[in-house]
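Below is one structure, written out as structure tokens; comments come after it.
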Amino acid sequence: MRIAYRDAVREAIRDALKADPRVFLMGEDVGRYGGSYAVSKGLLEEFGPQRIRDTPLSESAFVGAGIGAALGGLRPIVEIMTVNFSLLALDQIVNNAATLSHMSGGQLSVPLVIRLATGAGRQLGAQHSHSLEGWYAHIPGLRIAVPATLDDARRMLAAALASPDPVLLFEHLYLYNMEGELTPGLERVDLEHAAIRRAGRDVTLITYGWSLYKCLAAAATLAQEGIDAEVLDLRALRPLDDAAIMASVRRTRRAVIVDEGWRSGSLSAEVATRIVEQAFYDLDAPVARVCTAEVPVPYAKHLEAAALPSPETIAAAVRNLLTSGAGG
Amino acid sequence: MSAAGGYALSREHGLELLRQMLRIRAFEDRSYRLYGETKIRGFLHLYNGEEAVAAGVMQALRPADAIVSTYREHGHALARGISMNAVMAELFGKQTGCSRGRGGSMHLFDAAKRFYGGNAIVAGGLPIAVGLALAQKLQHQSDLTACFFGDGAVAEGEFHESLNLASLWKLPLLFICENNLYAMGTALERAQAETDITTKARAYRMEATAVDGMDAFAVEEAVADAARKIRNGAGPALLEMRTYRFRAHSMFDPQLYRDKAEVEAWQKKGPIVSLTTRLKALGLMTEEDYQRLEREAEAEVETAVGFAESSPWEPVSELARFVYAEHIA
Ligand SMILES: Cc1ncc(C[n+]2csc(CCOP(=O)(O)OP(=O)(O)O)c2C)c(N)n1
Ligand SMILES: [Mg+2]
């Protein structure tokens, strides 16, 4: 059965609401409006306003309320319309959700799931095009996962709800319209393991989110040139699956990290450092990176496209690595 | 809430308010079509129905006053006097746009006009307005800052923090809430325990007045009154402009949250129809006048589209410019 990414997320939410009376969904325009990306469309009619709660534009308050509700025994799914607006709730996420377990000596836990749309590519301008998942991955106490595939869109939420810790799920806004088939029989996924989406021998493209599809496209182009790229989907940004990263890089001996975040102080920097720390002597070339240009993402289509990683810039980075042995 | 006061509506004055509203309406209708033609992309929030607010407010402000706006700001920008060519070119993402193609519909800027931007984070502009007004006060200027925001913004902490700070410091700041009854699909009464926004402002000890935001003249009068007091050192004030948006929230909104009948009822008392009827009834304007203003507005839009079409794209080699200040020697 074909399914769109947004419908896969909705089915995951429906399952969760049916399976556990403690679960509820809360956020801006999730009910009456049907979700700003139509993810929660129809859920208000099916589950009612107690469990599909529209909130005012009060990100700090409703994220904090999610934390409190989780402490109080419920299992909230909080939708922050986009990561851009999560900045208004940063205090609650970083100072409260991430710390309460540790700070209370393990007496408390915050089983909260926050879903956020993320990313650029739709000409929404600088304030609506952030990719800040790498930032959140900096914070101990949070778990960060990124469903890039339909299977993960369909199944990650259950894993997140099963976690006793706060989990942030980042849904790239470019993926909501993506359609395809779910893997038959796949009922469970985890939040710990990276997944090889294309096996290859010559180089590992390490990525997550929408960039996964750019890497797969680059790999297809490179294949025609006789270059066999492996594509590793990180899936979880915190904790990172070091074992999977190192296993792949040791096989291919080359790594290109593709991240829609900016390069400086980024998730790509973290992954590169770990490779250097753990697999340096297995490398045949310096680790390379393809990231978003260090500008607030511009509106104009051609400028935005030039700012973001693309299959072309990814393929070029790989060629560069293989021919000169130098980083891209 | 009607234009009673000591203000007489002259022909010249009435036609100017109408002219501004017609320019905005023509611009918005054309932008809607251009979105369908994919000339404009990203988020596009149209101002149809709310024109009286922009026209009336800008009429009452001075060139040196500072303005902070939202993502629904085409009308504010045009009424402020930013050229329609530059605004349209910005929507096209061209180099000649008022933000050099980097901002788009939600981020119009013009430093010379003291227009400090469309801000796309709800309530994000309010603290900036506090700072602009602080700068005005500390520099003993007689100017003020006018800050636009929607009814949805009232739920944000930044609204409350900014009102308090502005009042505590007695800043020359005019808060202008464009209450169009909805924040996306969330009606005011589903978002606020207290739906009278002026009550909230009074809790911060500032003067607050509700204004018929469908009446450009009433808007202008209210802003002129408030501005006079603010310039005399009375501290901040809030005006709640009661208005309505005729079109969808943005281009991706199926409008499941409101009835057609409600929209139609508001359209009947729309700002352009009502001022037109009034001016004609007072014998201040003829149908020919109206037709001429409409033609002029259409022609201005046509010119702006031609300008935007024929303007160059910013070269990609310039992508990284302006991330940091470029010092002018
Ligand atoms: C902090 C923040 N949260 C959510 C959004 C998404 N959003 C954009 S406009 C909007 C509705 C705002 O309504 P209102 O303030 O009444 O202004 P209006 O659109 O009616 O002019 C929402 C929820 C945002 N831009 N910023
Ligand atoms: Mg509103």
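Laid out as a table, the results:
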| item | result |
| --- | --- |
| Qualifying residue in the stretch A:37-44 (condition: open to solvent by 10 Å² or more (accessible area, probe 1.4 Å), part of a helix (DSSP H, G or I) and more than 16 Å from ligand 1 (Cβ to nearest atom)) | yes |
| So residue B:97, is it away from ligand 2 (no atom under 16 Å from the Cβ), closer than 24 Å to residue B:314 by Cβ and within 14 Å of chain A (Cβ to nearest Cβ) | yes |
| In the stretch B:225-251, residue farthest from residue B:211 (Cα to Cα) [restricted to those that are within 16 Å of ligand 2 (Cβ to nearest atom) and hydrophobic (A, V, I, L, M, F, W, C)] | B:248 |
| Residue A:53 within 16 Å of ligand 1 (Cβ to nearest atom) and either assigned by TED's automatic domain parsing to the domain that holds residue A:99 or closer than 21 Å to residue B:43 by Cα (or both) | yes |
| Qualifying residue in the stretch A:163-179 (condition: outside any loop (DSSP other than H, G, I, E, B), over 27 Å from residue B:252 (Cβ atoms), under 15 Å from the mean Cα position of the chain (by Cα) and more than 16 Å from ligand 2 (Cβ to nearest atom)) | yes |
| Count of residues meeting criterion [in a helix (DSSP H, G or I) and either within 16 Å of ligand 1 (Cβ to nearest atom) or open to solvent by less than 10 Å² (accessible area, probe 1.4 Å) (or both)] in the stretch A:56-104 | 22 |
| Members of the stretch A:187-231 that are basic (Lys, Arg) and assigned to a loop (DSSP other than H, G, I, E, B) | A:188, A:201 |
| Qualifying residue in the stretch B:83-96 (condition: more than 14 Å from ligand 1 (Cβ to nearest atom), among the hydrophobic types (A, V, I, L, M, F, W, C) and open to solvent by 10 Å² or more (accessible area, probe 1.4 Å)) | yes |
| Among residues of the stretch A:30-58, those that are away from ligand 2 (no atom under 16 Å from the Cβ) and within 14 Å of chain B (Cβ to nearest Cβ), counted | 16 |
| Residue check, residue B:233 under 21 Å from residue B:32 (Cβ atoms), more than 16 Å from ligand 1 (Cβ to nearest atom) and either surrounded by fewer than 22 Cβ atoms within 10 Å (Cβ to Cβ) or of a type in the set (Asp, Glu) (or both) | no |
| Residue in the stretch B:187-217 that is farthest from ligand 2 (Cβ to nearest atom), counting only those that are hydrophobic (A, V, I, L, M, F, W, C) and within 14 Å of chain A (Cβ to nearest Cβ) | B:193 |
| Yes/no for residue B:223 being without any contact (Cβ under 8 Å) to a residue 40 or more places away in the chain and among the β-branched types (Val, Ile, Thr) | no |
| Among (1) more than 16 Å from ligand 1 (Cβ to nearest atom); (2) crowded, with 23+ Cβ neighbours inside 10 Å; (3) assigned to a helix (DSSP H, G or I), the one test that residue B:40 misses | (3) |
| Complete set of residues in the stretch B:137-186 that are within 16 Å of ligand 2 (Cβ to nearest atom), assigned to a loop (DSSP other than H, G, I, E, B) and either facing chain A (nearest Cβ under 9 Å) or open to solvent by 20 Å² or more (accessible area, probe 1.4 Å) (or both) | B:156, B:181, B:184, B:185 |
| Some residue of the stretch B:287-301 being under 26 Å from residue B:38 (Cα atoms), within 28 Å of the chain's Cα centre (by Cα) and within 14 Å of chain A (Cβ to nearest Cβ) | no |
| Of the criteria (1) within 14 Å of another protein chain (Cβ to nearest Cβ); (2) of a type in the set (S, T, N, Q); (3) within 15 Å of ligand 1 (Cβ to nearest atom), which one residue A:123 fails | (3) |
| Filter pass, residue A:27 being buried (at least 24 other Cβ atoms within 10 Å of the Cβ), within 14 Å of chain B (Cβ to nearest Cβ), touching a Ser or Thr at 6+ places or on another chain (Cβ under 7 Å) and at pLDDT 95 or above | yes |
| Residues of the stretch B:106-118 satisfying the condition of being more than 8 Å from chain A (Cβ to nearest Cβ), part of a loop (DSSP other than H, G, I, E, B) and under 16 Å from residue A:296 (Cβ atoms) | B:108, B:109 |
| Lone qualifier among A:120, A:137 - being under 18 Å from residue A:210 (Cβ atoms) and in contact with a Lys or Arg (Cβ under 7 Å, 6 or more places away or on another chain) | A:137 |
| Per-region count, the stretch A:38-61, residues in contact with a strand residue (DSSP E or B) (Cβ under 6 Å, 6 or more places away or on another chain) and either without any contact (Cβ under 8 Å) to a residue 12 or more places away in the chain or aromatic (Phe, Trp, Tyr) (or both) | 0 |
| Members of the stretch B:52-69 found to be open to solvent by less than 10 Å² (accessible area, probe 1.4 Å) and either out of contact with any strand residue (DSSP E or B) (no Cβ under 9 Å at 6 or more places or on another chain) or of a type in the set (Val, Ile, Thr) (or both), listed by number | B:53, B:55, B:57, B:67, B:68 |
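To keep it simple, each residue is scored yes or no on (1) under 22 Å from residue A:266 (Cα atoms); (2) out of contact with any Phe, Trp or Tyr (no Cβ under 7 Å at 6 or more places or on another chain); (3) not assigned by TED's automatic domain parsing to the domain that holds residue A:267.
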site: A:282; (1), (2), (3): no, yes, no
site: A:288; (1), (2), (3): yes, yes, no
site: A:294; (1), (2), (3): yes, no, no
site: A:298; (1), (2), (3): yes, yes, no
site: A:302; (1), (2), (3): no, no, no
site: A:309; (1), (2), (3): yes, yes, no
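Yes or no, residue by residue, for (1) more than 30 Å from residue B:98 (Cα to Cα); (2) open to solvent by less than 50 Å² (accessible area, probe 1.4 Å); (3) assigned to a helix (DSSP H, G or I):
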{"residue": "A:256", "(1), (2), (3)": "yes, yes, no"}
{"residue": "A:265", "(1), (2), (3)": "yes, no, no"}
{"residue": "A:268", "(1), (2), (3)": "yes, yes, yes"}
{"residue": "A:297", "(1), (2), (3)": "no, yes, no"}
{"residue": "A:321", "(1), (2), (3)": "yes, yes, yes"}
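The values are calculated or read from the model by the stated rules, or taken from the named source; none is laboratory data. Values in this document were obtained by computation on a predicted structure and should not be read as measured data. Neighbour counts run over all protein chains shown; Cβ positions are idealised from the backbone, glycine included. Please note that ligands, DNA and RNA were not included when accessible areas were found on the heavy atoms of the full protein model with its side chains. Shrake-Rupley method; radii C 1.70, N 1.55, O 1.52, S 1.80 Å.
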